[in-house]
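All remarks here apply to the structure that follows.
Every number in this text was worked out from the coordinates using simple rules, so none of it is lab data. Everything numeric here is computed off the predicted structure, so don't read it as measured data. Neighbour counts run over all protein chains shown; Cβ positions are idealised from the backbone, glycine included.
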Amino acid sequence: MTSATLPPMKLAVVGTGYVGLVTATCFAELGHSVIGVDIDEAKIKTLQSGKSTIYEPGLEELIQRGLQSGLLSFTAQLTEVINDVDMIFSAVATPPDEGYRADLRAVFSVAEAVAKQATKDLLFVNKSTVPVGTALKCEERIKKILTERGVNIEIPVVSNPEFLREGMAVQDTLVPDRVIVGIHPSTSLRTSSNERAKKLLEELYRPITRIGRPLLFMSRESAEIVKYAANSYLATRISFINMLTEFAELSGADIRDIAAGIGLDHRIGPKFLHAGIGYGGSCFPKDVKAFLAAAADRGLTFPIIEATDAINRRQRERFFAKILKSLPKKARVCVWGLSFKPRTDDMREAPSLDLIPLLLKNDCTVTAFDPFAMENAKKVFPKEVHYAATALDAAKDADAVVLLTEWDVFRGIDLKEVKKIMNGRNLFDGRNVYEPEDVEGAGMAYHGIGMGR
Ligand code: NAD
């Protein structure tokens with residue numbers, strides 16, 4: 001059978017979080033038959049009913065379409081689906097442990113569960129962000145179990161790191177910049193197993209390569225490193241521009257002009273040069289630290305990445321110190337934006353999680369508004385924070401307004417109305433969203449980042 005005539009793939013995606021749910025749904029949208037699996041039964045029930053468990057633009061519609069077409073389904077019982085599919089994707093979380101190394105327990109537990117139940121050749125594809133060497137460790141664990149069971153089947157482990165951006169995840173998955181696949185060329189597996197793995201992935205990603213998006217095969221080790229290197233580089237660009245903000249403030253310069261000036265150089269480019277309170281989220285902070293830990297494990301240091309992390313921390317602290325210094329006693333503070341970035345409800349490592357406790361410790365009353373993250377915020381601050389129905393309501397009687405997430409709704413707000421209902425006049429713009437003149441024109445005091453004001 002030639003690859004062009006292969007039927008759609010049958011796959012399971014284990015872990016239906018931000019990555020797994022989008023991956024499963026988009027593969028179904030592309031015509032494959034996909035079962036999303038999660039240990040969280042409540043999550044599975046919600047997904048089975050056609051509701052998305054995360055806010056991601058465009059996702060719920062695709063979930064419903066997948067369920068209706070029958071190409072997408074969800075279950076909490078991994079063991080029941082293992083032998084019904086050609087490949088198992090693992091997209092479980094790999095959170096940092098105490099030493100900031102990735103906690104791989106969930107990845108190993110999925111790999112072992114597959115090895116214990118498989119009755120035919122399968123492919124294990126790891127989508128989670130994992131340190132170099134993890135695919136090999138998974139394969140060794142799988143092989144040990146298969147040998148103990150005395151079954152003559154093979155389950156090669158492939159590395160397929162994910163690069164989607166929350167808020168743009170559907171588009172990034174359907175039309176990615178590239179797909180990276182790490183396959184081990186010379187394991188003790190049958191040669192045909194590796195060839196089969198390559199073929200299956202080529203077929204799976206055919207709808208992507210058909211639109212000209214590159215599918216890059218490399219070793220598993222290289223693939224695992226690509227993910228950390230990409231995130232560390234992007235984080236470094238953010239910290240590079242943030243490093244210059246204090247210098248700009250002390251020199252009477254404007255960081256936005258500096259970023260525009262250097263970003264127009266084709267060798268540099270304009271992206272990831274937006275100064276602000278630094279990066280957050282579930283990936284950059286943890287991946288930067290995990291990459292440093294991986295280097296340390298080999299007796300190496302990554303001084304550029306160490307500085308990236310230190311600058312990011314300092315950037316947040318510097319902005320928060322400025323806010324606290326300006327506040328009257330028992331201040332009322334309005335926080336605009338709780339998610340770590342716009343177009344997502346994800347609050348992992350969001351600046352709001354650092355600022356709100358600091359404000360509360362300083363006897364402030366906090367009223368917050370976020371278009372999509374308030375339900376998640378209520379799990380962290382059920383009573384401590386007041387949640388407003390609109391951005392404007394949140395600013396009522398506030399001594400200061402602090403913008404932490406650049407949601408569109410804040411960009412378009414009528415600043416004169418904000419000033420009218422506030423008690424004080426300070427606006428802290430953690431994302432350099434506003435023109436200082438506009439804010440000042442509305443009668444407020446503007447505090448941006450890297451602008452000397
Ligand atoms: P998440 O926490 O949103 O989702 C993980 C899911 O796995 C949860 O639904 C959880 O219930 C489930 N799970 C945990 N253990 C399980 C098990 N043993 N069996 C079945 N399900 C299990 O995490 P995420 O943000 O989707 O990230 C997943 C991985 O992808 C991480 O390694 C992350 O670093 C990486 N990644 C994330 C992003 C992103 O933007 N979120 C982007 C690229 C890569």
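Each other residue within a Cβ distance under 12 Å of Gln77 adds +1 if Lys or Arg and -1 if Asp or Glu, for a net charge of -4. Hydrophobic, long helices, defined as DSSP H runs whose alpha-carbon span along the helix axis is 24 Å or greater and whose mean Kyte-Doolittle value is at least 0.0, occur in the chain at 220-251. Note on the chain: helix-only mean residue ellipticity at 222 nm, from DSSP H runs of 4+ residues weighted -39500 (n - 2.57) and normalised by residue number, equals -13500 deg cm²/dmol. With K and R counted +1 and D and E -1, the other residues having a Cβ less than 14 Å from that of Val170 yield a net charge of -4. Applying 1/(1 + (r/R0)^6) with r as the Cβ-Cβ distance of Thr79 and Ala230 and R0 = 51 angstrom yields a FRET efficiency of 0.90.
Once you list every other residue whose beta carbon is under 9 Å from the beta carbon of Gly278, what net charge do they have if Lys and Arg are +1 and Asp and Glu are -1? Its environment carries a net charge of +3. Over the chain, all Cα pairs binned in 10 Å intervals from 0 give whole-percent P(r) values of 4, 19, 27, 24, 16, 8, 2, 0, listed from short to long. Fully extending the segment from Ile304 to Arg105, taken as 0.36 nm per residue of separation minus the present Cα-Cα distance, adds 68.7 nm. Report, for the chain, the % of DSSP beta bridges that are antiparallel, rounded to 5. That works out to approximately 5 percent antiparallel. Need the C-alpha centroid separation for region 69-109 versus region 251-298, integer Å. Going from one Cα centre to the other spans 31 Å.
Please say if region 306-358 is rounded, prolate or oblate, where rounded means a/c under 1.5 for a ≥ b ≥ c the square roots of the C-alpha gyration tensor eigenvalues, and otherwise the choice is prolate for a/b larger than b/c and oblate otherwise? In terms of gyration-tensor shape, oblate.
Look at the Cα gyration tensor of region 25-122: its axes a ≥ b ≥ c give a/c of at least 1.5 with a/b at or below b/c, and that counts as oblate.
Its relative contact order, with pairs defined as Cα atoms under 8 Å and 6+ residues apart, puts the chain at 12 percent. Between Glu440 and Glu98, the contour length at 0.36 nm per residue exceeds the alpha carbon distance by 118.6 nm.
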